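Working notes, structure below.
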Amino acid sequence: MTESVRTRGSISRRLTLQLAAIAALLALLSWGMIRGFSQQAAEQTQDNILAASVTAIAEELRSEAGQIRLEIPYAAFSMLGAINEERVFYRIVSDGETLTGYDDLPVVQDGEISAGVTFETLTYRGDSVRMAMVGRTLFASERAVPVLVAVAQTRNAVDAISARISRAAALVSVAFFVLAAGLSFWAARVSLRPLTAMAQTVARRGPSDLSPFETTAPHEIAPLLAALNRFMDRLSASLSRSEDFIAEAAHRVRTPLATVRTQAEIALHAVTRDENKEIMRRVIRAVDESSRSAGQLLDHAMVSFRTDNLTRNDVDLVDLVTEVVNGLRPTAEMKDIRILTELSPLRVQGDAILLQNALRNVLDNAIKYSPADSRVTITLRQAGAGAEIRICDQGRGVNGADTATLTERFRRGENVGNVVGSGLGLTIAHEVARAHGGRLDLAPARKGTGTCVTLSLPFS
Amino acid sequence: MRFLLVEDNQELAASIVTRMGLDGHVVDHAAALDAAETCLRCTEYDLILLDVMLPDGDGRDFLSRHRSDRTTPVIVLTARSQVSDRVGMLDLGADDYITKPFDFSELEARIRAVLRRRGGAADNRITLGDVTVDLLAGTLRVATRDVTLRNRELRLLEVFIRNPGQILSKAQLLDRLFSFDAEITENAIEVYVARLRRRLDGGSPRIETVRGMGYRMTVQ
C-alpha cells in the first residue's frame with residue numbers, strides 16, 4: 001500500500017537527527033568548557049608560582065646604610081623552574097631606577113605600585129609573558145623609597161598544556177558525540193518499534209480480514225489502534241450490509257418476475273390467436289431480459305465487491321471448468337448444442353467464486369449466441385506463465401468489434417438480433433480477469449464463423 | 001411424474017403447478033417446511049423442488065435434514081444468484097439449482113438431467129403403437145430399431161405422442177420449442193417435423209399434415 005500513500009519525512013530519521021543534534025551541541029559545549037577550565041587552571045598555577053616567587057624576592061628587600069639591598073633567594077627562581085623550560089625575567093625598580101634585572105622589562109611606574117600582587121600579560125622580546133608585580137616601601141636615607149619587584153615568565157608551557165588538554169577534550173567530545181548519535185538511532189528505533197509492529201500486523205492481514213486488532217499498544221498509539229478498530233468495525237458492518245442487500249435485492253426482484261414469467265407461459269399455451277401468442281412471447285422475452293439484467297447487475301456488484309477485496313486461494317481449474325460446464329449443459333442441450341472440453345490439469349491462485357462467475361458468463365454468452373445443433377469447445381491449457389481458458393462457439397461472430405468495445409458496460413454487439421442479454425457478461429469476465437492480473441480477449445474463430453473468447457490467468 | 005414443490009409464494013406456486021400440469025406432471029404444493037415433511041411421509045416423489053427462503057425456516061436446513069434419511073433428488077429454486085449460495089446448495093446435497101425466474105423448458109431439462117443421473121423415474125417411457133420413447137434418455141425404439149433423438153426432436157415428439165389424434169398447429173408446436181431457441185420460426189417446425197418423420201420411419205405412428213391447420217399423430 002506504500003506506493004499509493006504520499007510519504008513525507010520519517011519519524012525515525014527526524015528523531016535520530018534531533019537527538020544527534022542535541023548530542024553535538026552538548027559535545028561542543030563540554031569541549032569548550034573543558035578547554036576553558038584547563039586554560040584557567042594552568043594560568044592559575046602559573047600565577048600562584050609567580051606570586052610566590054615575587055613575594056619571596058620582595059621579602060628579601062632590606063635597607064642598609066641608606067641603600068636598598070637585595071639578595072635574591074635561589075628558591076624564588078627554582079620554583080619557577082618547576083614549570084618546564086620557561087624563560088624567566090625579573091626587574092627590581094627602586095625610585096625609578098633598576099636595581100637589578102632586565103632594564104627593558106616594562107613595569108608599572110612609581111606611585112601606582114600596590115602592596116598586593118598584581119598580574120599582567122604582555123609581549124616581551126617576542127614572547128607572550130605573564131608578569132607578577134609586588135610593591136614595597138623601604139626607609140632609606142630617612143625617606144620612604146618605593147621598590148617594585150617584577151617577575152615574568154614565558155607562557156609556552158601553559159599554552160602547550162592547555163592545547164593538549166583541549167585536544168584530549170575534543171577527542172572525548174567526538175567520541176561522546178558518536179556514541180550519543182548511535183544511541184539516538186537505537187532509541188528512535190526502539191521507541192518506534194510498536195508502531196512498526198502495528199504497521200506489519202495491518203500489512204500481514206488478508207484483505208477480507210476485518211476483525212479488530214487484539215495486540216496491546218503503548219498508550220500514545222492506543223487511540224490510533226482504537227480508531228483503526230472502530231473503522232474496521234464500520235467497514236465490516238457496511239460490507240456485510242451490502243452483501244445482504246445484494247442477496248435481498250435479488251430475492252425481491254426475481255420472485256415477482258418468476259411469477260410473471262410463469263403466468264405468461266401458461267397464457268402462451270392458453271391463447272390460440274397467433275398475434276396473441278406473439279404478444280405473450282414478447283412478454284416472456286422482456287421478462288427474461290429483465291431477469292438476466294438483474295442477475296448480471298447483481299453478479300457485477302458482487303464481482304466489483306470481491307475484486308476490490310481479492311482473496312487468492314489455490315484453484316483447480318479442471319474442477320472449476322467442469323462444474324460450470326455441468327451447470328450450463330442442460331441449457332445447451334435445449335438447443336442441441338454440444339459442449340466439448342479439452343482440459344489440461346492446471347491450478348492458479350485466485351478467487352474461485354469470481355473465476356466461476358466469469359467463466360459462466362462467457363459460456364452463457366457462447367451458448368446464447370450459438371445456433372442450434374452447433375458446438376462450443378472449451379480448451380484449458382498452459383500458455384507461457386499462466387493458464388488459458390478458450391471458449392469457441394460457432395455463432396454469428398463479433399463482426400470485427402474489438403475486445404475493449406465489447407467489454408464496456410451494457411455494450412452489446414451490433415448483430416445480437418433478438419437474443420436476450422444485458423451486455424454485462426463480458427464486462428464481468430473482463431473485470432475478473434483484470435483483478436487476477438490476466439486478460440480477456442475476443443477473436444474470430446480460425447475455422448468458419450464464430451468467436452473465441454480467451455481468458456488468460458497468470459499462475460500467481 | 002410426481003413432484004413436491006416447496007414454495008411460500010402462493011402465486012408462483014400456483015403457476016408452477018398449472019404449468020407443469022400442462023406437461024402431464026403431478027405437483028403437490030407445500031407452502032412451508034412442516035407441510036413438506038407431512039407430504040414426504042405420505043407419498044413417494046420423483047423429485048423435490050425446494051425454495052430457499054421459507055416462513056418456517058431455511059430451505060438449506062431442510063436439505064441437510066432430508067439428505068440424512070432420504071434419497072429423493074432435490075432441485076433448489078433460488079432467487080439468490082450468488083455463486084457462493086449455489087455452491088453451498090450443492091455441498092448440502094442438492095442435485096441442482098435453478099435461478100428464479102426460470103424457463104420451464106430449462107427446469108424440465110434440469111429435472112431430466114437429474115433423474116437421468118439418478119437412474120430414472122417411475123414413468124419416463126411412453127409407448128404408442130410399436131414406438132417407445134424414453135423421455136429421460138432421449139432414446140426412441142421404433143419396432144426393433146433404436147434411435148437416439150436430439151433434444152428438440154424429443155421435445156416435439158413428446159407433444160405429439162402425449163396428444164395422439166389431436167391436431168397441433170405450428171404455433172402450438174412453436175410454443176413447445178420457443179424457450180429452446182428464441183429465434184425459432186414456423187419454418188423451423190417444418191424442418192423438425194420432417195426429421196421426426198424420418199426417425200419414425202418403419203414404425204406404426206405417423207405424423208400427418210392437416211392442410212391449413214397443422215399436424216396430427218396417428219397410429220396405423
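Under the criterion of Cα pairs below 8 Å and six or more residues apart, the relative contact order for region A:43-103 equals 23 percent. Expressed as a fraction of 2.2 N^0.38 Å, the C-alpha radius of gyration for region B:2-119 is 0.96. Name the residues whose placed amide hydrogens come within less than 5 Å of the amide hydrogen of A:TYR124, ignoring near sequence neighbours (fewer than 5 apart) on the same chain. Answer set, sorted by chain and number: A:VAL129. With N counted as the residues of chain B, its alpha-carbon radius of gyration over 2.2 N^0.38 Å works out to 1.12. Based on C-alpha pairs under 8 angstrom that are at least 6 apart in sequence, region B:125-219 has a relative contact order of 30 percent. For region A:341-370, backbone nitrogen atoms closer than 20 Å to the point 7 Å from B:ASP91 Cα along Cα-to-C-beta are found at A:348-360. Looking at region B:2-119 alone, DSSP beta bridges between its own residues are antiparallel in about 10 percent of cases.
From largest to smallest, the equivalent ellipsoid semi-axes obtained for chain A from the alpha-carbon gyration tensor read 112, 22, 17 Å. State the Cα centre-to-centre distance between region B:7-24 and region A:291-343 in whole Å. Cα centres, region B:7-24 to region A:291-343: 29 Å.
Spin-label model, B:GLN166 to A:VAL318: label points 7 Å out along the Cα-to-beta-carbon direction sit 4.9 nm apart.
Axis angle, to the nearest 10 degrees, between helix A:317-334 and the longest C-alpha principal axis of chain A: 30 degrees. Against chain A, whose longest principal axis is taken from its Cα atoms, helix A:222-270 shows a tilt of about 10°.
Ranking A:ILE353, A:ILE367, B:VAL52 by Cα position along the charge dipole of the protein assembly as shown, where only Lys, Arg, Asp and Glu carry charges on their C-beta atoms, puts A:ILE367 farthest toward the positive end. Each label point was placed 7 Å from the Cα along the Cα-to-Cβ direction; for A:ALA301 and A:ALA115 their separation is 11.1 nm. For B:ALA194 and B:THR139, the difference between the fully extended length at 0.36 nm per residue and the C-alpha to C-alpha distance is 18.0 nm. Can you run the Rg to Rh ratio on region A:30-92? Use alpha carbon positions and the Kirkwood inverse-distance Rh. Reported Rg/Rh (Cα atoms, Kirkwood Rh): 1.18. Full extension of the segment from A:THR100 to A:ARG282, taken as 0.36 nm per residue of separation minus the current Cα-Cα distance, would add 51.4 nm.
Using the Karplus relation 6.51 cos²θ - 1.76 cosθ + 1.60 with θ = phi - 60°, the per-residue 3J(HN,Hα) values for region A:359-371 come to 5, 4, 5, 5, 5, 4, 4, 4, 5, 4, 8, 8, x Hz, with x marking Gly and Pro.
Compactness of region A:172-278 is given as radius of gyration and Dmax, 31.4, 111 Å, from Cα positions.
Just to be sure I follow the definition: excluding the sites themselves, where is the longest run in chain A that has none of the GluC sites (Glu not before Pro) in a DSSP loop with at most 16 other Cβ atoms within 10 Å? Looking at chain A, A:221-407 is the longest stretch - no exposed GluC sites (Glu not before Pro) with at most 16 other Cβ atoms within 10 Å.
On C-alpha positions alone, give me the angle between the axis of helix A:11-59 and the longest principal axis of chain A, in degrees, nearest 10. The angle comes out at about 0 degrees. Compute for region A:96-207: radius of gyration divided by Kirkwood radius, i.e. Rg/Rh, restricted to C-alpha atoms, rounded to two decimals. Computed over Cα atoms, the ratio is 1.59.
Enclosing the Cα atoms of region B:125-219 in their convex hull gives a volume equal to 84 cubic angstrom per residue.
Near the amide H of A:ARG155, within less than 5 Å, lie the amide hydrogens of A:SER128, A:ARG130, all on another chain or at least 5 residues away, with H placed in the peptide plane. Mean separation of Cα pairs under 8 Å and 6 or more residues apart, divided by the residue count, gives chain A a relative contact order of 11 percent. Annotation: amide H-H contacts under 5 Å for A:TYR90 (H modelled 1.01 Å from N, sequence separation of 5 or more, or interchain): A:TYR102, A:ALA152. Projecting label points 7 angstrom from Cα along Cα→Cβ for B:SER64 and A:ALA160 puts them 9.8 nm apart. Here is how the number arises for the protein assembly as shown: DSSP H runs of 4 or more residues each give -39500 (n - 2.57), the sum is divided by the residue count, and the result at 222 nm is -17000 deg cm²/dmol.
FYI, it's all coordinate maths here, none of it is from the lab. What you see is a predicted model; the values in this text were computed from it and never measured. When we count neighbours, we look across all protein chains shown, and the Cβ atoms used for this are built from the backbone with ideal geometry, even at glycine.
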